[in-house]
Amino acid sequence: MFSRLTVIPLSLLFVLAAIPGMTFAHGPVARASEAETTQARLFTADAATGEIVAIDLPGGAPVFRLSTPPYLMALALSSDRQHLFAMRGRNTDRDWVTVIDTGFDPDTREVRPPYVARTVLANAPTTGGRHDGMISTVGGRDALYMDTTAEIIVFEEGNFSGYGEVALRRYSLAQPDHYHAMEAGENLYIGHLRSGFVQVLNRDSGREVARIPGCPALHGMAEDRVSGRIFFGCGPHVLVVGTQGDETGRKVAQIAYPASQRVAAFLAGKERILWGYTEGTLPMFYRLDMARRPYEFETIPVESSVQYATSGDGRYLLVLTRAGVLEIRDGGNGKLQRSVPVTAPFAKDFHEHTDKAVLPDILVAGGSAYVSLPNEGRIAQVDIDRGKVLRRLEVGGEPTRLILVMESSAR
């Protein structure tokens, strides 16, 4: 049996449409602004899921989660502080770079929901050895270093959102390697880890103007802005390269290590003090006063540790020990000022390879140090001056890398 078909006269439809409160699909909708005002936005990478978690401050609760290809190895903020580059580890044969619009306007402090603006397939991308939470630049433009294809990819424009292509500029490097790069004057100074030399390229033409040998196992770099000299950590010593006047593009000094420990990374301390350390656990820091000649390291003993940082002004040196204690030290002389227990002790074999980020991170902003605790699924906020844990931000998962976006996004 068939049901009877009811036909509604067209005139009745017009009558229904005229009834107050009666609406149909695709009618006009009032639009509400998503913009809010906040002091800062904190991002962390979840090592367990590959998600990027956004936390608005001072509130402290996670407000957004963005999915990226697991598993993340690095986060870096763009030079305009509007985009976040998320790069995965080396545990697969496909290397993705996800560009995230942070939703934060540093000028107005307005925030909108962050979103994935673009995801591209790359070739073992890195930040060129930067460990301060910022992306490398070439002539003020954001840049990525591709280890397996020996090239620098420079983004000529930051219009990652939208349908159009992003304009690129490419620089060819000497050979595939892992790079630690610094821009100074008219040149790019690119250290090659396995090849053991520093390649100097003219920034405008990309032409090689010098090649400085004698730096095997090159890892880590720092700059003395007063002298313009760059310090590259090598296996047997530190290589000092000049970038100004007659020193441009040549070796000007070599600094011997006072012990068997090498330098694999540097932190900028108070005034012209450099702190050299080795990735993973270490029994000491190497302290270098770049204002003194001849250059000479001195050793500062510390507890076996898993992570380190300095404040943006170099006033503080922070060390997260394997015992789960955050040591707050003077950024000039390294003397211990305060000790703050923040988490349980870490296992003796706790360390990080290149498959994904697993280590805690330390980020200093204002008078606080934010310490990610992947073993707890939380981030500890520590008052540096009082040496006290202010609160623990519940994130879940395994929070590792930290990036803060605010008016002055200094780690």
What do you reckon, is ARG329 closer than 22 Å to ALA222 by Cα, in contact with a Ser or Thr (Cβ under 7 Å, 6 or more places away or on another chain), not aliphatic (A, V, I, L, M) and not in a loop (DSSP other than H, G, I, E, B)?
no
Kindly list the number of the only condition in (1) farther than 24 Å from TYR189 by Cα; (2) crowded, with 16+ Cβ neighbours inside 10 Å that fails for MET87.
(1)
Scan (1) loosely packed, with under 12 Cβ neighbours inside 10 Å; (2) β-branched (Val, Ile, Thr); (3) closer than 25 Å to GLY366 by Cα for the single condition VAL63 breaks and write down its number.
(1)
Within the stretch 321-375, track down each residue that is hydrophobic (A, V, I, L, M, F, W, C) and under 28 Å from ASP93 (Cβ atoms).
PHE350, ALA357, VAL358, LEU359
Just checking, how many residues over the stretch 127-144 are surrounded by fewer than 20 Cβ atoms within 10 Å (Cβ to Cβ), assigned to a strand (DSSP E or B) and not aliphatic (A, V, I, L, M)?
2
Of these, THR299, THR400, which one is crowded, with 18+ Cβ neighbours inside 10 Å and not in a loop (DSSP other than H, G, I, E, B)?
THR400
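Quick grid of which residues meet (1) modelled with pLDDT of 95 or more; (2) at positive phi; (3) aromatic (Phe, Trp, Tyr):
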residue: ASP46; (1), (2), (3): no, no, no
residue: THR49; (1), (2), (3): no, no, no
residue: ASP56; (1), (2), (3): no, no, no
residue: GLY60; (1), (2), (3): no, yes, no
residue: PHE64; (1), (2), (3): no, no, yes
residue: THR68; (1), (2), (3): no, no, no
residue: TYR71; (1), (2), (3): no, no, yes
residue: ARG81; (1), (2), (3): no, yes, no
residue: MET87; (1), (2), (3): no, no, no
Need a quick list: strands (runs of 3 or more DSSP E) entirely within the stretch 73-126 having at least 1 residues that are under 13 Å from the mean Cα position of the chain (by Cα) and of a type in the set (Gly, Ala, Ser).
83-88
Condition broken by GLY191, with the remaining ones in (1) in contact (Cβ under 8 Å) with a residue 60 or more places away in the chain; (2) buried (at least 17 other Cβ atoms within 10 Å of the Cβ); (3) assigned to a loop (DSSP other than H, G, I, E, B) satisfied
(3)
Pairs needed: first member in the stretch 103-130, under 20 Å from TYR145 (Cα atoms) and at pLDDT below 90; second member anywhere, of a type in the set (Phe, Trp, Tyr) and surrounded by 18 or more Cβ atoms within 10 Å (Cβ to Cβ); C-beta distance under 6 Å; at least 6 residues apart or different chains.
none
Give the stretch 197-251 a look and list any residue that's assigned to a loop (DSSP other than H, G, I, E, B), on the phi > 0 side of the Ramachandran plot and either over 25 Å from the mean Cα position of the chain (by Cα) or acidic (Asp, Glu) (or both), or say none.
GLY206, GLY214, GLY249
Taking into account only those residues within the stretch 304-321 that are among the small types (Gly, Ala, Ser) and not in a strand (DSSP E or B), which is surrounded by the most Cβ atoms within 10 Å (Cβ to Cβ)?
SER311
Residue under evaluation LEU359, criteria (1) of a type in the set (A, V, I, L, M); (2) in a strand (DSSP E or B); (3) crowded, with 18+ Cβ neighbours inside 10 Å, criterion not met:
(2)
I'm checking my understanding of the structure. Among residues of the stretch 234-282 that are of a type in the set (D, E, K, R) and in contact with a strand residue (DSSP E or B) (Cβ under 8 Å, 6 or more places away or on another chain), which one is surrounded by the most Cβ atoms within 10 Å (Cβ to Cβ)?
ARG262
Selection status of GLU271, part of a loop (DSSP other than H, G, I, E, B), in contact with a Pro (Cβ under 9 Å, 6 or more places away or on another chain) and closer than 22 Å to ASP330 by Cα
no
Please go through the stretch 129-143 and give me each residue that is closer than 20 Å to ALA167 by Cα and not polar (S, T, N, Q), ordered by number.
ILE135, VAL138, GLY139, GLY140, ARG141, ASP142, ALA143
Residue check, THR37 against (1) of a type in the set (Val, Ile, Thr); (2) under 30 Å from GLY367 (Cα atoms); (3) modelled with pLDDT of 80 or more, all met but one. Which one?
(3)
What pairs come up if the first residue lies in the stretch 322-336 and is surrounded by fewer than 21 Cβ atoms within 10 Å (Cβ to Cβ), the second is in a strand (DSSP E or B) and acidic (Asp, Glu), and their beta carbons are under 9 Å apart, counting only those six or more places apart or on different chains?
LEU336/GLU327; LEU336/ASP330
Contact list please: Cβ distance under 6 Å, first residue in the stretch 194-219 and within 21 Å of ARG170 (Cβ to Cβ) and modelled with pLDDT of 95 or more, second residue in a strand (DSSP E or B) and acidic (Asp, Glu), pairs at least six apart or on different chains.
LEU201/GLU208
What single numbered condition from (1) of a type in the set (A, V, I, L, M, F, W, C); (2) closer than 22 Å to GLY235 by Cα; (3) surrounded by fewer than 22 Cβ atoms within 10 Å (Cβ to Cβ) fails to hold for PHE285?
(3)
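The values are calculated or read from the model by the stated rules, or taken from the named source; none is laboratory data. Quantities reported herein were computed from a predicted structural model and do not represent experimental measurements. Glycine also receives a Cβ, built like all others from the backbone with ideal geometry; neighbour counts cover every protein chain displayed.
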